[in-house]
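The next block holds one structure in the form of structure tokens; read it before the comments.
Derivation of every value follows stated rules applied to the coordinates shown; laboratory data play no part. Note that the structure is predicted; figures quoted are calculated from it, not measured. Every residue, glycine among them, receives a Cβ derived from its backbone with ideal geometry; neighbour counts consider all protein chains shown.
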Amino acid sequence: MLRAVVHAFGDPRKVIGLEEAERTAPGPGAVEIRIRRAAINPSDLIPVTGAYRSRTALPFVPGFEGVGEITRVGAGVTGLAPGQRVLPIGASGLWQEYLVRPAEWCFAVPDGLSDDQAAMAYVNPLTAFRLIDALEAHFGTTGSRRIGVTAAASAIGRMLLPLLTEAGFRPVALVRSAATAARLGATFGGEIVVQSTPPLDGVLDAVGGAAGDALFRQIRPGGAFIQYGALSGAQLDPALVAARRDEVAFSFLWLRNWVHSAPRAAIEAAFARSFAGIRAGHLASSVGGVFALRDLPSALARQDDPARGGKLLIAP
Ligand SMILES: NC(=O)c1ccc[n+]([C@@H]2O[C@H](COP(=O)([O-])OP(=O)(O)OC[C@H]3O[C@@H](n4cnc5c(N)ncnc54)[C@H](OP(=O)(O)O)[C@@H]3O)[C@@H](O)[C@H]2O)c1
């Protein structure tokens, strides 16, 4: 079978290779899955650069999100059978044709959901739910607070905007260009702000760096700033965060921390909510292209193209 593999940390376009590998039979409690679609997310590429080298062992197969079909089940597995579609979560490894994963880390996909949408049902929707929960925990559910969403036209930004409204907040979409504002405006009727720092009660930030610092300075006392990404490649200035420690609650949120501590029933409930939101439309993501695994270099080259217009998917 074909797989993508990283033997050394570095620029993803240079260090992610393709190689043939043997399929392995699933051991007790595990299943083998033929991957039908896998997503390319920013969070797949960060470990490749070596940013988390303390917890990333080489070599490894990238890819945290996707959907596959069970092909073989190991001894003692109940409730999963060949042919069934699942989302295998909890570790990377989806950018390959076949994956062996403990059955307990596989979640059933309902019929009627396309492979493309199922492949994007995990990372962004479940993170968006956690972010809204964190805001509700900070502010309570009363009052209509203004919450800025940076990189608001990203796949997760487009989910956060309606979820914030549903939760009683007033979302403010923050984007870096007029072109992005125009694209987002086609589907989002609320406030869109280009490269400026409006008054806000809270920020959900995927950008960090100088833009994050500027927003952090402006947050009203009693507010909250939750950082869940660093698309700029930089963190917020720690001195700034420390200086406002008593008036702005700063925190990081990583889905991985929740997934590895939450009870399985809570993860199942989050998936049920994700699938329902995808069907309803507000949690569906647009697809910018589907690439054969053999064409992974083309997909990675396209990932930074501002005109890609949606998630890139791999069809191993
Ligand atoms: N913490 C977690 O557990 C977690 C989970 C899910 C996602 N995330 C993070 O969420 C972020 C978005 O993920 P996604 O899957 O939604 O990404 P995506 O759909 O690929 O969208 C990323 C978009 O962000 C915008 N962008 C890129 N760099 C930017 C910058 N420096 N400043 C402002 N905007 C920028 C670009 O839009 P324009 O070109 O149109 O401006 C780009 O298309 C990533 O940082 C990811 O790591 C974190």
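Under 5 Å from the amide H of Leu283 lie the amide H atoms of Ile278, each residue being 5 or more positions distant or on a separate chain, with H modelled from the backbone and absent for Pro and chain starts.
Computed on the range 190-269, the Cα convex hull volume stands at 133 Å³ per residue. For the chain, the longest principal axis of the alpha carbon atoms and the long axis of helix 123-139 meet at an angle near 30°. Where in the range 46-88 does the amide nitrogen come within less than 20 Å of the point 7 Å from the Cα of Ala262, taken along Cα to Cβ? Residues passing the 20 Å test: 63-68, 86-88. Quick one: among Tyr98, Tyr122, Tyr52, which has the greatest mean-square fluctuation in a GNM of the chain with alpha-carbon springs under 10 angstrom? Highest fluctuation among the options: Tyr52. Equivalent-ellipsoid semi-axes for the range 1-62 (Cα gyration tensor, √(5λ), whole Å, largest first): 23, 14, 12.
Tell me the angle of helix 155-166 to the major Cα principal axis of the chain, expressed in degrees between 0 and 90 and rounded to the nearest ten. For helix 155-166, the angle is close to 60 degrees.
The rule of thumb for compact globular proteins, 2.2 N^0.38 Å, goes into the C-alpha radius of gyration of the range 1-147 1.19 times.
The range 54-71 to the range 241-278: how many Å between their Cα centroids? One Cα centre to the other: 21 Å. Can you bin the range 62-114 into rounded, prolate or oblate? Criterion: square roots of the alpha carbon gyration tensor eigenvalues sorted a ≥ b ≥ c, rounded for a/c under 1.5, prolate for a/b above b/c, oblate for the rest. It is oblate, given that a/c is not under 1.5 and a/b is not larger than b/c.
Normalised radius of gyration (Cα atoms, divided by 2.2 N^0.38 Å) for the chain: 1.01.
For the chain, modelled as a GNM whose springs connect Cα atoms under 10 angstrom apart, the maximal fluctuation among Glu247, Glu32, Glu22 occurs at Glu22.
Axis angle, to the nearest 10 degrees, between helix 264-280 and the longest C-alpha principal axis of the chain: 80 degrees.
Residue separation of Ala8 and Ala307 scaled by 0.36 nm, minus their Cα-Cα distance, works out to 104.7 nm of gained length.
Among Thr150, Thr197, Thr127, the largest mean-square fluctuation in a Gaussian network model of the chain (Cα springs under 10 Å) belongs to Thr197. Going 7 Å from the Cα of Arg55 toward and past its Cβ, which residues in the range 104-137 have a backbone nitrogen under 16 Å from where you end up? The answer is 127.
Its convex hull of Cα atoms gives the range 125-256 a direction-averaged projected area, equal to a quarter of the hull surface, of 7.3 nm².
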